[in-house]
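**Q** Quick one: the structure is below, and I'll ask about it shortly.
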Amino acid sequence: MVTRRSDRVDQSGRAYAGSQRQIQTYVNQMPEALSTAVIKSFGADFPANCNVRYVSPLAAEHYVEYRDADFLHALGFPQHTDALSRFWPKRGPCWDALARIEDGQGKTVGCILVEAKSHVPEFYSNDTGAGAKSLQHIKTSLNAAKQWFGVQESVIWTGFTDPDSCLYQYTNRLAHLYFFRVKLGVPAFLVNVHFLGDPHSPTELGVWQSAIGDIHKELGTHRFPSCFANVFLPAKP
């Protein structure tokens, strides 16, 4: 499934403002700058002598964003569609940007999952609206991911007190990193890209760092694997 947020984009799929527009700009106009920042954030843990090729959101494809089986196809891992359906029900995360990690021969050897934010409230969104069967499916996978991240099972990753202002979007992205790394054995990297000084909603480095610390405290994520990183980039006018 591909997604276009029609209330936020023009007929070409180009976002009017905010983090969606910023990540579109970097992916299509400044991919080298984005890749350099991402690779640097992972240091020696990033595969050596490999290239990064973004597969969404591409201007040539009307800036579509992928989810469910479509995001696996975009990343070059269609063979894992059944595994994804066993791990997560339909209507899973819709990714802000995706990239393949390719070796010198152009073979896909890993992937990068990108979440983009321009201001702190973007971290907080609705909780899952899944029905009973799908909700249990989600909880089972979230609990497995919690264990991998060293988080106590009692810590809330869905079912937040305020269902309209919760961190479920954050936790389901962490769960999908676990899915790639543990369930599939695929070298996946999850990066949160935070834009500094977005004209639409300017947020500076100190504000980001404080908010990220609060989020990690709430989610019980006191340590992260080396395949997770935060990146801070200047927003473009």
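The values are calculated or read from the model by the stated rules, or taken from the named source; none is laboratory data. Bear in mind the structure is a predicted one, so any value in this text is a computation, not a measurement. Counting neighbours? That spans all protein chains shown, and the Cβs are built from the backbone with ideal geometry, glycine included. Heads up: the accessible areas ignore ligands, DNA and RNA and are worked out on the full protein's heavy atoms, side chains in. Shrake-Rupley method; radii C 1.70, N 1.55, O 1.52, S 1.80 Å.
**Q** What are the equivalent ellipsoid semi-axes of the stretch 141-237, built from the alpha-carbon gyration tensor (square roots of five times its eigenvalues), in whole angstrom, biggest first?
**A** Values: eigenvalues 125, 61, 27 Å².
The equivalent ellipsoid of the stretch 141-237 has semi-axes of 25, 18, 12 Å.
**Q** Hey, what's the Cα Rg ratio for the stretch 104-191 versus the globular rule of thumb, 2.2 N^0.38 Å?
**A** My calculation over the Cα atoms of the stretch 104-191 gives 1.21.
**Q** So, with a 1.4 angstrom probe, what is the percent of accessible area on the chain that is carbon and sulfur?
**A** 50
**Q** Same structure again: Are any of the pairs Lys117/Lys139; Lys139/Lys217; Lys90/Lys117 more than 22 Å apart by Cα-Cα distance, and if so, which?
**A** As for pairs spanning more than 22 Å Cα to Cα, those are Lys117/Lys139; Lys90/Lys117.
**Q** Still on this model: Using amide H atoms built in the peptide plane, which far-off residues or other-chain residues are under 5 Å from Gly110 H to H?
**A** Ile101
**Q** Under a 1.4 Å probe, what is the accessible area of the chain per residue, stated in Å²?
**A** So the chain comes to 46 Å² accessible per residue, rounded to a whole number.
**Q** Let me ask something else about it. If you plug each phi of the stretch 183-200 into the Karplus form 6.51 cos²θ - 1.76 cosθ + 1.60 with θ = phi - 60°, what whole-Hz ³J(HN,Hα) values come out, in order, with x for Gly and Pro?
**A** 6, 9, x, 9, x, 9, 10, 10, 10, 9, 9, 10, 8, 9, x, 4, x, 6
**Q** If you place +1 on the Cβ of every Lys and Arg, -1 on the Cβ of every Asp and Glu, and leave all else neutral, what size is the dipole of the chain about its Cα centre, to the nearest 20 Debye?
**A** 440
**Q** Sticking with this structure for a sec: Rounded to the nearest 500, what is the chain's calculated 222 nm mean residue ellipticity when only DSSP H runs of at least 4 contribute -39500 (n - 2.57) each, over all residues?
**A** Values: 7 runs with 83 residues, N = 237.
Helix-only estimate at 222 nm: -11000 deg cm²/dmol.
**Q** With N set to the residue count of the chain, report its C-alpha Rg divided by 2.2 N^0.38 Å to two decimal places. Walk me through the numbers before you get to the answer.
**A** Working: Rg = 16.9 Å, N = 237, 2.2 N^0.38 = 17.6 Å.
Dividing the Cα radius of gyration by 2.2 N^0.38 Å gives 0.96.
**Q** Looking at the stretch 91-237, what % of its DSSP beta bridges pair antiparallel, to the nearest 5? Don't skip to the end; give the middle numbers.
**A** Values: 7 of 21 bridges.
In the stretch 91-237, DSSP labels about 35 percent of beta bridges as antiparallel.
**Q** Sticking with this structure for a sec: To the nearest 10 square angstrom, how much accessible area does Tyr63 have with a 1.4 angstrom probe?
**A** 30
**Q** Another question about this same structure. Tell me, what HN-Hα J-couplings in whole Hz come from the Karplus equation 6.51 cos²θ - 1.76 cosθ + 1.60 at θ = phi - 60° for each residue of the stretch 48-55, using x for Gly and Pro?
**A** Running phi through 6.51 cos²θ - 1.76 cosθ + 1.60 with θ = phi - 60° gives 6, 6, 10, 10, 10, 10, 6, 10 Hz.
**Q** Pull up all non-local amide H partners of Gly159: gap of 5 or more, or a different chain, and H-to-H distance under 5 Å with H placed in the peptide plane.
**A** Thr128
**Q** Something else about it: Give me the aspartates and glutamates in straight-line cross-link reach of Lys40: C-alpha distance below 14 Å, same-chain residues under 8 apart excluded.
**A** Glu32
**Q** Something else now. Whole-Hz ³J(HN,Hα) for each residue in the stretch 228-233, computed from phi via Karplus 6.51 cos²θ - 1.76 cosθ + 1.60 with θ = phi - 60°, x for glycine and proline: what do you get?
**A** With coefficients 6.51, -1.76 and 1.60, one gets 10, 7, 10, 10, 10, 10 Hz.
**Q** If you project the alpha carbons of the stretch 8-114 onto their three principal axes, what span does each projection cover, largest first, in Å?
**A** Each principal axis gives a Cα extent; for the stretch 8-114 these are 37, 35, 22 Å.
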